[in-house]
């Protein structure tokens, strides 16, 4: 990928995208298989944090977006974890819908996911929390995410308090205010950059009733639910 020279004005910043066509015949018969294929190639290409995704939410009157890390994907959907007092969690409590964007810039690819969101079971959150580095576990206790604080020393004091509260080798428990969310996709779009901005955009659209926890989530690996594939103009 060409890097613009220092001082290049915004209107002149252009990248000639590689010609990586994506046809309907290239797609797997379900979006889970297609996503896992592209994710594996992003990992193999040594992209920095290939599981990083932009999460967009709204409280009904104002949208917000931020980058978070995907921590699980299966037939149910896409899972991430966060502080339940954060803005994103507050938005999802108000409007349980979200969009995800995986921006694999250097590969001229991106994936866009849209769908309803539910909280994951606490047992699942506990299992993932236990796998985190100890510092990240203590940080979950120290930070009241998205709240206004007086300065960096506020976080340092809270972190020191948490460290003293659970000295090694005592395990750090899962906070009540921390857990996971599952995005149950109703559409998954795969975008491949091409020359002249004639990009390929192919979107799986879920059929049948809206996905819910009781129906097994989005059923991302069930080809019969994803027989509709739309080509979108770039």
Self-check item: Sole residue being touching a strand residue (DSSP E or B) at 6+ places or on another chain (Cβ under 9 Å) and either closer than 29 Å to residue 128 by Cα or part of a loop (DSSP other than H, G, I, E, B) (or both), chosen from 179, 208
Solution: 179
Quiz item: Would you say residue 110 is modelled with pLDDT of 95 or more and surrounded by 13 or more Cβ atoms within 10 Å (Cβ to Cβ)?
Solution: yes
Quiz item: Going through the range 84-93 one residue at a time, which ones are crowded, with 18+ Cβ neighbours inside 10 Å, over 15 Å from the mean Cα position of the chain (by Cα) and part of a helix (DSSP H, G or I)?
Solution: 91
Practice problem: Give me a count of the residues in the range 43-76 that are within 16 Å of residue 220 (Cβ to Cβ) and either out of contact with any helix residue (DSSP H, G or I) (no Cβ under 9 Å at 6 or more places or on another chain) or without any contact (Cβ under 8 Å) to a residue 12 or more places away in the chain (or both). | Solution: 1
Practice problem: Please indicate, with yes or no, whether at least one residue in the range 190-201 is over 21 Å from the mean Cα position of the chain (by Cα), more than 24 Å from residue 55 (Cβ to Cβ) and in a strand (DSSP E or B). | Solution: yes
Quiz prompt | Candidate set: the range 130-148, residues that are surrounded by fewer than 12 Cβ atoms within 10 Å (Cβ to Cβ) and under 21 Å from the mean Cα position of the chain (by Cα); chosen: the one nearest to residue 165 (Cα to Cα) | solution = 136
Practice problem: Considering only the range 149-188, state which residues are within 30 Å of residue 116 (Cβ to Cβ), surrounded by fewer than 18 Cβ atoms within 10 Å (Cβ to Cβ) and touching a helix residue (DSSP H, G or I) at 6+ places or on another chain (Cβ under 6 Å). | Solution: 175
Self-check item: Sole residue being surrounded by fewer than 12 Cβ atoms within 10 Å (Cβ to Cβ) and at pLDDT 95 or above, chosen from 31, 103, 48, 96
Solution: 48
Practice problem: Please state which of the following conditions residue 25 fails to meet, knowing it meets all the rest: (1) under 30 Å from residue 156 (Cα atoms); (2) over 16 Å from the mean Cα position of the chain (by Cα). | Solution: (1)
Practice problem: Restricting attention to the range 72-88, report how many residues are touching a strand residue (DSSP E or B) at 6+ places or on another chain (Cβ under 6 Å) and closer than 19 Å to residue 114 by Cβ. | Solution: 7
Quiz prompt | Selection count where residues are outside any loop (DSSP other than H, G, I, E, B), surrounded by 15 or more Cβ atoms within 10 Å (Cβ to Cβ) and within 11 Å of the chain's Cα centre (by Cα), scope the range 54-79 | solution = 9
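The values are calculated or read from the model by the stated rules, or taken from the named source; none is laboratory data. It should be emphasised that the depicted structure is a prediction, and the values quoted were computed from it without experimental measurement. Don't worry about glycine lacking a Cβ; one is built from the backbone with ideal geometry, like all the others, and counts go over all protein chains shown.
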